[in-house]
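Structure, as structure tokens:
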Amino acid sequence: MITRYGASRDELQNLLLNEPRYRVDQVWKGLYTELNAPEDMTALPKALRAQLVDLLPNSLTLVEEVISDDDTTIKFLWQLDGGSRIETVLMIYPDRATVCVSTQAGCAMACGFCATGQAGFTRHLTAGEIVEQVVRASQRAKAMDRRVSNVVYMGMGEPLANEEPVWESIVRLHEDVGLSARHLTVSTVGIIPGINRLASRPLPVNLAVSLHAANDNLRDALVPINRRYPIKALMEACNGFLESKNRRLTFEWALIDGVNDRPSDAIELAQICRSFRVPAHVNLIPLNPTPGYEVRGSSRNQVQAFCDQLVGMGANATIRRNRGTDIAAACGQLAAGQPVQISRSK
């Protein structure tokens, strides 16, 4: 089935064979540049608008929209064709608006501290389903007089296990929606073939690696894919990406009380960060609560102490402010509408 943001220009042209050729450009611009639904494309005749609603159906059906207490984070629960569900998060900052998109329904990486990983894998998303998340979140931002400028592939799923559709969506967002490649970030738990493919692609997107441990024994337990792609090989792939793209590499590190927030962990992590020609940046994330993982996130004081130790050893590190924890929209909490335990670290 051809969907609204899954259709190529050629497919759209075939749908509009009986229309003047310029209609294809008008519809394409309306969808991607103006972020309009067909019924809102006032440059088109009313009859054609009505026809396009049927010819180009959405691939995402909104099930629920939840807004955080401070009105800065909006989580969308979507149902896909076939019944699978995914979540998308829109985050409003003073200087930007960011969309966090899902690339799979569920996830096969089985990281125990992540709600999506606990749920298991259902299916890959198409490029059109990924792009539509961005467009519909952008429409929501537009209604708030804000413009989405950043997209992070950090929602449900492992983006580089679905690399072809992810790349197709990146190209569409860059070329048609008009987002800078430098404002597009792909996150991975460390799928080395996917990192290598991304390094060979033409656009200079950002890479974020969910590291969480700097030795293989601990990372094997936290991130099971490490058994296939251990840290040494992963760092070689990351270095290849840096050499190819000359973009800053980010390591995501969810701090877990007594597990990976010790001084020895900081020493190992700092050594890795300093091993690159351009030192890697560490994004520290206090572990967000999920019902299937009983270990607590590190306290605020411990997070700050860990950050200070890294900086003192010459690493670049910042603490990510959790957004949307109160609505289970924060990192690791996306569970496609399943209940997630909400609590806050002291």
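The values are calculated or read from the model by the stated rules, or taken from the named source; none is laboratory data. All of these numbers come straight from a predicted model, not from anything done at the bench. All Cβ positions, even for glycine, are placed from backbone atoms using ideal geometry, and neighbour counts span all protein chains on display. Keep in mind that these areas ignore ligands, DNA and RNA; they rest on the heavy atoms of the full protein, side chains included. Shrake-Rupley method; radii C 1.70, N 1.55, O 1.52, S 1.80 Å.
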In whole angstrom, note down how far apart the Cα centers of region 251-290 and region 86-160 are. 24
Global form of region 104-263, assessed from the alpha-carbon gyration tensor, a/c cut-off 1.5: prolate
Please give, to one decimal in nm, the separation of the simple spin-label points placed at R247 and R300, each 7 Å out from Cα toward the Cβ. 3.3
If I compute solvent accessible area with a 1.4 Å probe over the protein chains, what percent of it on the chain is carbon and sulfur? 48
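Taking only pairs that are 8 or more places apart or on different chains, how many Lys pairs in the chain have Cα atoms under 24 angstrom apart?
For the chain, qualifying lysine pairs total 5.
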So what's the angle, to the nearest 10 degrees on a 0 to 90 scale, between helix 22-32 and the longest Cα principal axis of the chain? 30
Any chance you could give the angle, 0 to 90 degrees and rounded to 10, that helix 231-245 forms with the longest Cα principal axis of the chain? 50
MRE, 222 nm, helices only [DSSP H, n ≥ 4, -39500 (n - 2.57), over the chain, to nearest 500]: -10000 deg cm²/dmol
On a 0 to 90° scale, report how tilted helix 163-172 is relative to the longest principal axis of the chain, with both axes built from alpha carbons and the result rounded to the nearest 10. 60
D95 and E11 label points (each 7 Å along its Cα→Cβ direction) are spaced in nm at 3.9
Which order do the peptides 90-103, 171-184 come out in when sorted by mean C-beta neighbours inside 10 angstrom, highest first? 90-103, 171-184
At 7 Å along Cα-to-Cβ for each site, give me the label-to-label distance between E19 and I2 in nm. 1.0
Using a Förster distance of 25 Å, the FRET efficiency for D308-D257 (Cβ separation, nearest 0.05): 0.90
Which whole-number percent gives the relative contact order of the chain, counting Cα pairs below 8 Å spaced six or more residues apart? 15
